[in-house]
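Please read the structure below before turning to the comments.
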Amino acid sequence: MTGRLPESPTQVVDRTKPVTIYYQNKPLKAFAGDTVASALLATGIDTFSRSFKYHRRRSASCLTGHCSRCTMNVDGRMHIKTCQTTVREGMSVEPHDNLEFDPKAIADSFSWAMPTGFYYKMFYKPIWFWKRVKEIIRAMPGNMAAVKPLAKKASVDSVNLSPEILVIGGGLAGMEAAITAAQSGVRVVLAESDPQLGGFEAYQAEDGFSRVQESIRRLEQFDNIKVLVSTTVSALFPDGLAVCNQTCGEGDQFVERAYYVRPGTVVIATGAGSSPMIFAHNDRPGVMLPEAAQRMIHMWGIKPGEHVLLAGGDDYLAQVALELLDKGVALAGLVDFRINGLDETLKSQLEGKGIKIWRGCTLTDTRGSKRIKSATIVSLDRSVTESVACDTIVASSGRYPRHKLMGQVGARMIYDRELNFYMPDGLPSSYQAAGRVLGLEDPEAIKAQGRAAAVRALKTLNIQVAGDEQLSDAPAVRPVSLQPLLSDEKSKKKTFVCYCHDVNEENIEQAIAEGFNNIETCKRYTTATQGTCQGGMCEANFAHLLAKKRPELVARDLPTTRPPVSTVSLSSLAAGHHDIPQISPLHRVQVEQGGNPMRMGAWMRMMDFGDQEAESLAVHQSVGICDVSMLGKFRVFGPDAEKLLNRVMTKKVDGLAPGKILYYAACNQGGILIDDGVALKMGEHDYFVTTTTGRAPVTEEWFSRWCREEDWKVWMVNLTESRASINVAGPKARDVLAKLTADDISDAALPFLNWAHLEIAGVKTIAMRMGFLGELSYEVLCPSSQAVFLWNRLLEAGEPLGLVPFGLEALNICRLEKGHLVPGLDTDGFTTLHEASFGWVLNKKKTETVGKPILDLIVDEPMQQQVVPFSLDGRSPILDGALVVDGSKQLGRVTSIRYSPLLDKTIGLALVEPHADWREGGKVKLWFGEREVEADFAKPPFYDPAGERMKM
Amino acid sequence: MAKTQQLLQYQQPEKSYDVVIIGGGLHGLATAYYLARYHGVKRIAVLERRYIGFGGSGRNTEMVRANKRAHETLPFYKESLEMWDGLSDELEWNLMVQKKGLIALAHSDFELASMRMMSDSQRRAGIKIDMLSPNELKKMVPSLDTSEKPALPIFGAQFHPEGGTVHHDAAVWGYAMACIRYGVDICVGVEVTDINIEANKVTGVETNVGRISAGKVHAAVGGYSSEIGRMIGMKFPVTTIPMQVMTTDIMKPFLDYYVASPRLHFYTQQTLKGDLIMGGPLDNFQSWNSYTTYEESADRAMKIVEYFPDLAHVRIVRTWSGLCDCTGDSAPVMGGCGIDGLSLDIAWGYYGFKSVPASGKYSAEYIATDRMPEKIKAFGLERFYNRQLVREIIL
Amino acid sequence: MAFLINCPNCGDRNPYEFTFGGQCKTAPDQGADMKAWCDYLFFHDNMPDFQDEWWFHTMGCGDWIKISRNLATHEIRSTEE
């Protein structure tokens, strides 16, 4: 347990390269090639974690990344599998619990008081009692990671790969598949979750190791095989994406790396492991799978223990026993639950070395809570019971395929009673499996199957590869005996089936007796298989137990497999994803000039330049400029452009004269108002169309939707980002522009609701005269690249005239003064064109308008809601969203409300049900501060009712 | 130990019942329970083709709340929320009701305005609601980033102190066991293949184990609603869309509230066990297949890491999904469908869990009295012909 | 199970590149009544079977395509522009 075995060529540890890690803030000596787990085990550390319910001591038991009992906090990252994480200089490792002294371990003594689902049957009354108890329950579990502020932001890299073939598993089968595929010249990615290639054979003593080295040598000849080690394929999504998560090693600037691989075809060679034996206290430190013992002696040169007892129903255990002896590890003996099954050669070798073998026996119990001290061996006929001193139990109840990726792509695992193994059924043809995952053990057979898998996989891509697609003799899978269960009433309480959640045999029996008797309900009630290992160590035993209690469950179905196969950090999943707002070409210059940006939808917009009220007054009294570049802008052109626009728009676009602005609205098929904008005719069948900011991203989809079943010749170009748009508004707007242009911009030459090409400050623009803000105003469009230049020229020219930049808030005040509504803000997803008082925008004769049929059907029906303007004298604290009420009845809400310094009134719009008060002289009752506040119904516009200002 | 009592007992269905309920999820079981206990209906069968709680009941994120938007439905949701409190006692089973409080984040002035409107509306309906500033929010959820750093900074939040969670599996078993105590037959592995109708009146159902006659039939099948429609020759106003969920490794208690961002479509709570459950939006397209995708997992992970930066290293253990039958107005369909004796409790989308007690109660009332209860009037099927859609979503 | 959409212009693409446009339906004729319109707007087949539906290739060619997809298995048996 302490110290290392003599060096040997199979070891991955380089003792010439010491590495210091910090365990609980104390330095711990390790070597390059060690994993954190091996470094800890080498110093004699037994307990890695405390269990979930009973706070029992747990040690690493599989050392292959499956049991999740070795997890600790590594460099601030929680629940890291220490058995697959190579040491880095200065690494800091902390267990999640106080391992040596855990006061909550008292729970273990009270396990009798905690039968399955006990918490469902008690604690729930009175309610105040439950509230206290739940806080206790929350604090109870073991192995919880603490959430602390991170010292350093997580750094995860992400890489996209699209090889022809992805091989999952770098053991013999996987390497052979990779080599075979690479021979054809295709790109191969080989992913292996261990820090080095080799799989199972890498720790099968010298013979296995040499086999592996031979394969690696051949593999290294190919530069078209990309080898990813410490990389677990977490998920295989059936659309083809393979998400592979790598833990980065020494020298890598990143901590984790996500590979997003889209292969043409996949070979799954993920191997098989052992299923743990179940007996009382089978979770104690010192109990491990044979793979763990082999890895310790062969890979890291560590003794698993001083006095090792092996148990199982498989020659494999005898093989491991001999290997342990060979490394100088003392054995307590071998327990074989087969009466006559043990291979004669292995048997005589063991007996020749004086090793006791119990045949037809199994384990039922152990002693030693900090570390195994002894085991109880019982014969299957119960005639013999013997207690044997040992400090380590290496036990396995059979092989179990690492099948989860196959399940993710739709294969069902079928239990074979003869073999005591699960085989896949229904694996799609572009996923080929090979090797130990299909039950094979013979290295040559495994390699041959790996080769065949690659050939078949590439065939699905019509790529011919030299090699045998079929194996001439289908290799037989060696059956392994199922562990016999000899548990009694007492031992069932401590015979763990699900280690992650401390679920024992008695719990499962009780659940079945209570009526939770199929795998899905039993799983949920007992929580077995729902922990971190997600069935990796327990689902086979769980299925067997269930079948033992309910023999009619012949199928022994396993619970549903879901991604990920192994835990993945949030930052790994998020790698490469960012949410970045869009900024207009005028963003930076406005911020420099005092603009206050705020995110609105997808864009950053200027709310104001410090004083929204002064800005709104400037628009009325002199002139202001505002960046409105986010508005949607589109070119719609082609011989059938009119047909499309006549469908989408409420107005008829035929006859639109050059130079004239057509204001339009758009509805969906339900007659709901969804958009508004303007259309300009730029040339023959050539239109420039604007939309609201919010609709711009979906405009191409919307417009093209309305001609998707037609043979029309019409095309669109999205100009939203390539054109900037500046609103120059105020009585002095023309004066400002006149200083920058030689073109005639008199009212006669460019009247209200007209547009023209203007050269302003040398910039070629389109200027549109519209009246959204109620003053003389020009919306000036120019190429985005020239926007800053134009903006600054306007500022310069306008400064002596009192020109100020203004933001969205001032814009809001001005448009509200005119009673103008904004679709989507003052209307919602139910407001029809009529209810928005937009009936005047609808060409009544044109039948093809989207939404027209419903609009015609409802035109005479009572409205369900309407937009109602209101005002209050002076300032008011009432905000957007205030309810409109009538006593206890809720009528609607305020959609926009602002104080107008020009009018010294607070004005707004509300979206409300029809009501008798919506008329001159009526009152609009707003709900604010838990009481009613009366406003006056006011027919808009609040300012310049004749609309003369904008027609100056 | 003492002899174990069988809590769940399933029955083979008999030849006839007063009421047959199709669907052994929470809505079906709750309806059966209220019918048996409070309306004295003697012969009730719940027919379930997989296992109880197979669908949405076994897959949801456990959120219960009453802070809905459409004011005419608030009394219904308020009552449902209140019913959860007494349910553990009534069903004699700990549903692990945790009224820990629900926080809904606002990321813009527009959302704050919207939240203000909903808060006023909810308060007028008697629901306790507060608005929180970013500073107040930070005190309650220290691990939340309330600074200017996130892409969509938090402007404030709505706090619904009575919102919280209920253990979904516990609810399924609690109602199921109570059903059994009150004489309801729960029949699993029984699939309804057709609904028998004569002269516009329901007479029973056809199943894989034979015909069962029934005075009344009630459909509560979740994402599979349209199959019922097909049996009666009707289309329903629903599309079935999956919704994905993720869960993590366990952590020491650090999050006391349910935190949701309606704008960003993500919500998360820390369970009693210590893991974080993370929900998100509906998937992008119609499907009857319960799968999970990288895109959804990554999107959710990005949002969690953006707003809870200390959770960057938290590891995902499992992803899964469930099917949601969604209408255009995010409100369910309850009551009749034009065929005598056939009632519906469908179209619950992704908001069916919170409504279990009240929808069970009022479905039972409808079935027993043939009258549409006032509180669920807004949910009638005819609203889709009257264009009286529930104003649950604004855009 | 997820699936790939074979866009006639762009080839096999991830469905998340598209916007789902719903079941293919024929709008009611001129003169149809409100019930016909409500049927069309709000009621859907929604069966675990093949469905003709529209998809818009938002992050691609910007074309609408019609596919016949099985909502339960995601098998796509036809794609047309």
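If you check C:8, C:28, which single one turns out to be facing another protein chain (nearest Cβ under 8 Å) and either out of contact with any Cys (no Cβ under 6 Å at 6 or more places or on another chain) or over 30 Å from residue A:560 (Cβ atoms) (or both)? Talk me through it step by step, then tell me what you get.
Details: C:8 fails: facing another protein chain (nearest Cβ under 8 Å).
On inspection, the qualifying residue turns out to be C:28.
Quick grid of which residues meet (1) in a helix (DSSP H, G or I); (2) more than 19 Å from residue C:48 (Cβ to Cβ); (3) at pLDDT 95 or above; (4) at the interface with another protein chain (Cβ under 7 Å from one of its Cβ atoms):
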{"site": "B:277", "(1), (2), (3), (4)": "no, yes, yes, no"}
{"site": "B:284", "(1), (2), (3), (4)": "no, no, no, yes"}
{"site": "B:329", "(1), (2), (3), (4)": "no, yes, no, no"}
{"site": "B:348", "(1), (2), (3), (4)": "no, no, yes, no"}
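If you take the residues in region A:898-933 that are within 9 Å of another protein chain (Cβ to nearest Cβ) and either within 17 Å of residue A:811 (Cα to Cα) or modelled with pLDDT under 95 (or both), which one is surrounded by the fewest Cβ atoms within 10 Å (Cβ to Cβ)? Walk me through it before giving the result.
So in region A:898-933, the residues within 9 Å of another protein chain (Cβ to nearest Cβ) come out as A:927-928, A:930.
Those left that are additionally either within 17 Å of residue A:811 (Cα to Cα) or modelled with pLDDT under 95 (or both): A:928, A:930.
Numbers: A:928: 17, A:930: 8.
Once the filter is applied, the top-ranked residue is A:930.
Of A:335, A:409, which residue is closer than 30 Å to residue A:239 by Cα, crowded, with 19+ Cβ neighbours inside 10 Å and β-branched (Val, Ile, Thr)?
Details: A:335 fails: closer than 30 Å to residue A:239 by Cα.
Only one candidate passes the filter, namely A:409.
Return yes when residue B:109 is within 11 Å of another protein chain (Cβ to nearest Cβ), farther than 30 Å from residue A:514 by Cβ, at pLDDT 95 or above and surrounded by fewer than 21 Cβ atoms within 10 Å (Cβ to Cβ) and no when it is not.
Numbers: within 11 Å of another protein chain (Cβ to nearest Cβ): yes; farther than 30 Å from residue A:514 by Cβ: yes; at pLDDT 95 or above: no; surrounded by fewer than 21 Cβ atoms within 10 Å (Cβ to Cβ): yes.
Taking the combined requirement at face value, the residue does not satisfy it.
Suppose we filter region B:1-25 for residues that are away from chain A (no Cβ under 14 Å) and buried (at least 24 other Cβ atoms within 10 Å of the Cβ); how many remain?
Selection size over region B:1-25: 6.
Would you pick out the residues in region B:66-97 that are part of a helix (DSSP H, G or I) and polar (S, T, N, Q)?
B:73, B:80, B:88
Inspect all residues belonging to region A:136-144 and state whether any of them is among the basic types (Lys, Arg), within 30 Å of residue B:309 (Cα to Cα) and modelled with pLDDT of 90 or more.
So in region A:136-144, the residues among the basic types (Lys, Arg) come out as A:138.
Keeping just the survivors that are within 30 Å of residue B:309 (Cα to Cα) gives A:138.
Restricting the remaining residues to those that are modelled with pLDDT of 90 or more gives A:138.
Within region A:136-144 (the criterion being among the basic types (Lys, Arg), within 30 Å of residue B:309 (Cα to Cα) and modelled with pLDDT of 90 or more), the answer is yes, since at least one residue qualifies.
For region C:60-81, which positions are among the small types (Gly, Ala, Ser), away from chain A (no Cβ under 11 Å) and part of a loop (DSSP other than H, G, I, E, B)? Break it down into steps so the answer makes sense when it comes.
At the first step, the residues of region C:60-81 found to be among the small types (Gly, Ala, Ser) are C:60, C:62, C:68, C:72, C:78.
Retained after the next criterion (residues that are away from chain A (no Cβ under 11 Å)): C:60, C:68, C:72, C:78.
Scanning region C:60-81 gives C:60, C:72.
Can you pull out every residue in region B:169-202 that is more than 14 Å from every other protein chain (Cβ to nearest Cβ), under 20 Å from residue B:35 (Cα atoms) and crowded, with 23+ Cβ neighbours inside 10 Å?
Result: B:184, single match.
Residue check: is residue A:529 crowded, with 18+ Cβ neighbours inside 10 Å, assigned to a helix (DSSP H, G or I), β-branched (Val, Ile, Thr) and within 14 Å of chain B (Cβ to nearest Cβ)? Steps first, please.
Working: crowded, with 18+ Cβ neighbours inside 10 Å: yes; assigned to a helix (DSSP H, G or I): no; β-branched (Val, Ile, Thr): yes; within 14 Å of chain B (Cβ to nearest Cβ): yes.
So residue A:529 fails the test.
Can you name the residue in region A:563-577 that is buried (at least 21 other Cβ atoms within 10 Å of the Cβ) and in contact with a Ser or Thr (Cβ under 7 Å, 6 or more places away or on another chain) and is also farthest from the other protein chains (Cβ to nearest Cβ) among such residues? It would help to see each step written out before you state the result.
Start the filter on region A:563-577 by keeping residues that are buried (at least 21 other Cβ atoms within 10 Å of the Cβ), which leaves A:563-575.
Add one more test, that the residue is in contact with a Ser or Thr (Cβ under 7 Å, 6 or more places away or on another chain), and what stays is A:563-568, A:573, A:575.
Numbers: A:563: 5, A:564: 6, A:565: 10, A:566: 9, A:567: 4, A:568: 5, A:573: 4, A:575: 8 Å.
Looking at the filtered set, the residue picked out is A:565.
Could you list all residues from region A:260-272 that are part of a strand (DSSP E or B) and out of contact with any Phe, Trp or Tyr (no Cβ under 9 Å at 6 or more places or on another chain)?
Let us first name the residues in region A:260-272 that are part of a strand (DSSP E or B), namely A:260-261, A:265-268, A:272.
The answer is A:261, and nothing else.
Of the residues that make up region C:41-59, is at least one away from chain B (no Cβ under 12 Å), part of a strand (DSSP E or B), surrounded by 18 or more Cβ atoms within 10 Å (Cβ to Cβ) and in contact (Cβ under 8 Å) with a residue 40 or more places away in the chain?
no
Give region B:237-261 a look and list any residue that's within 12 Å of chain C (Cβ to nearest Cβ) and out of contact with any Leu (no Cβ under 8 Å at 6 or more places or on another chain), or say none.
Across region B:237-261, the qualifying residues are B:238, B:239, B:244.
Kindly indicate which of A:861, A:848 is surrounded by fewer than 19 Cβ atoms within 10 Å (Cβ to Cβ), in contact (Cβ under 8 Å) with a residue 60 or more places away in the chain and either touching a helix residue (DSSP H, G or I) at 6+ places or on another chain (Cβ under 9 Å) or not small (Gly, Ala, Ser) (or both).
Values: A:861 fails: in contact (Cβ under 8 Å) with a residue 60 or more places away in the chain.
Every option except A:848 fails the conditions.
Taking region A:918-944, which residues are out of contact with any Lys or Arg (no Cβ under 9 Å at 6 or more places or on another chain) and without any contact (Cβ under 8 Å) to a residue 40 or more places away in the chain? Give the steps one after another, and end with the answer.
We begin by selecting, within region A:918-944, every residue out of contact with any Lys or Arg (no Cβ under 9 Å at 6 or more places or on another chain); these are A:918, A:921-926, A:928-929, A:931.
Passing the criteria: A:921, A:922, A:923, A:931.
Listed residues B:73, B:61; which is away from chain A (no Cβ under 11 Å) and either touching a strand residue (DSSP E or B) at 6+ places or on another chain (Cβ under 8 Å) or within 30 Å of residue A:808 (Cβ to Cβ) (or both)?
Numbers: B:73 fails: either touching a strand residue (DSSP E or B) at 6+ places or on another chain (Cβ under 8 Å) or within 30 Å of residue A:808 (Cβ to Cβ) (or both).
Criteria check complete, one pass: B:61.
Suppose the filter is surrounded by fewer than 23 Cβ atoms within 10 Å (Cβ to Cβ), within 24 Å of residue A:283 (Cα to Cα) and among the hydrophobic types (A, V, I, L, M, F, W, C); does residue A:375 pass it? Walk me through how you get there before you give the answer.
Values: surrounded by fewer than 23 Cβ atoms within 10 Å (Cβ to Cβ): no; within 24 Å of residue A:283 (Cα to Cα): yes; among the hydrophobic types (A, V, I, L, M, F, W, C): yes.
Criteria not met by residue A:375.
Please state which one of A:736, A:728, A:698 is aliphatic (A, V, I, L, M), under 30 Å from residue A:848 (Cβ atoms) and not in a loop (DSSP other than H, G, I, E, B). Lay out the reasoning, then the answer.
Working: A:736 fails: under 30 Å from residue A:848 (Cβ atoms); A:728 fails: under 30 Å from residue A:848 (Cβ atoms).
Result of the check over A:736, A:728, A:698: A:698.
On the given criteria, is residue C:35 charged (D, E, K, R) and either within 11 Å of chain B (Cβ to nearest Cβ) or assigned to a helix (DSSP H, G or I) (or both)?
On the way: charged (D, E, K, R): yes; either within 11 Å of chain B (Cβ to nearest Cβ) or assigned to a helix (DSSP H, G or I) (or both): yes.
Considered against the rule, which asks whether it is charged (D, E, K, R) and either within 11 Å of chain B (Cβ to nearest Cβ) or assigned to a helix (DSSP H, G or I) (or both), residue C:35 comes out as yes.
Only one of B:205, B:166, B:209 is of a type in the set (A, V, I, L, M, F, W, C), away from chain A (no Cβ under 13 Å) and touching a helix residue (DSSP H, G or I) at 6+ places or on another chain (Cβ under 9 Å). Can you tell me which?
Working: B:166 fails: away from chain A (no Cβ under 13 Å); B:209 fails: touching a helix residue (DSSP H, G or I) at 6+ places or on another chain (Cβ under 9 Å).
Only one candidate passes the filter, namely B:205.
Mind checking which residues of region A:621-671 are assigned to a helix (DSSP H, G or I) and more than 30 Å from residue A:734 (Cα to Cα)? It would help to see each step written out before you state the result.
Residues of region A:621-671 that are assigned to a helix (DSSP H, G or I), as a first pass: A:621, A:641-648.
Listed by number, the residues that qualify are A:641, A:642, A:643, A:644, A:645, A:646, A:647, A:648.
Where in region A:47-129 are there strands (runs of 3 or more DSSP E), lying wholly inside it, with at least 1 residues that are more than 13 Å from chain B (Cβ to nearest Cβ) and surrounded by fewer than 24 Cβ atoms within 10 Å (Cβ to Cβ)? If you could, list the steps in order and put the result at the bottom.
Numbers: elements: A:71-74, A:77-81, A:92-94.
Per the criteria, A:92-94.
For region B:36-52, give me each residue that is within 14 Å of chain A (Cβ to nearest Cβ) and either of a type in the set (Ser, Thr, Tyr) or more than 18 Å from residue B:363 (Cβ to Cβ) (or both). It would help to see each step written out before you state the result.
Applying the first criterion (within 14 Å of chain A (Cβ to nearest Cβ)) to region B:36-52 yields B:48-52.
Of everything in region B:36-52, those that are within 14 Å of chain A (Cβ to nearest Cβ) and either of a type in the set (Ser, Thr, Tyr) or more than 18 Å from residue B:363 (Cβ to Cβ) (or both) turn out to be B:49, B:50, B:51.
Would it be correct to say that residue A:890 is at the interface with another protein chain (Cβ under 10 Å from one of its Cβ atoms), more than 29 Å from residue A:603 (Cα to Cα) and either of a type in the set (Val, Ile, Thr) or surrounded by 21 or more Cβ atoms within 10 Å (Cβ to Cβ) (or both)? Working first, answer last.
Working: at the interface with another protein chain (Cβ under 10 Å from one of its Cβ atoms): yes; more than 29 Å from residue A:603 (Cα to Cα): yes; either of a type in the set (Val, Ile, Thr) or surrounded by 21 or more Cβ atoms within 10 Å (Cβ to Cβ) (or both): yes.
Taking the combined requirement at face value, the residue satisfies it.
With under 49 Å from the mean Cα position of the chain (by Cα), free of Cβ contacts under 8 Å to residues at least 60 places away in the same chain and over 22 Å from residue A:307 (Cα atoms) as the only criterion, which of A:381, A:343, A:442 stands out?
Numbers: A:381 fails: under 49 Å from the mean Cα position of the chain (by Cα); A:343 fails: under 49 Å from the mean Cα position of the chain (by Cα).
Exactly one of A:381, A:343, A:442 is under 49 Å from the mean Cα position of the chain (by Cα), free of Cβ contacts under 8 Å to residues at least 60 places away in the same chain and over 22 Å from residue A:307 (Cα atoms), namely A:442.
The values are calculated or read from the model by the stated rules, or taken from the named source; none is laboratory data. Note that the coordinates shown come from a computational prediction; the quantities given were computed from them, not determined experimentally. So basically every Cβ, Gly included, is an ideal-geometry build from the backbone, and we count neighbours across all protein chains shown.
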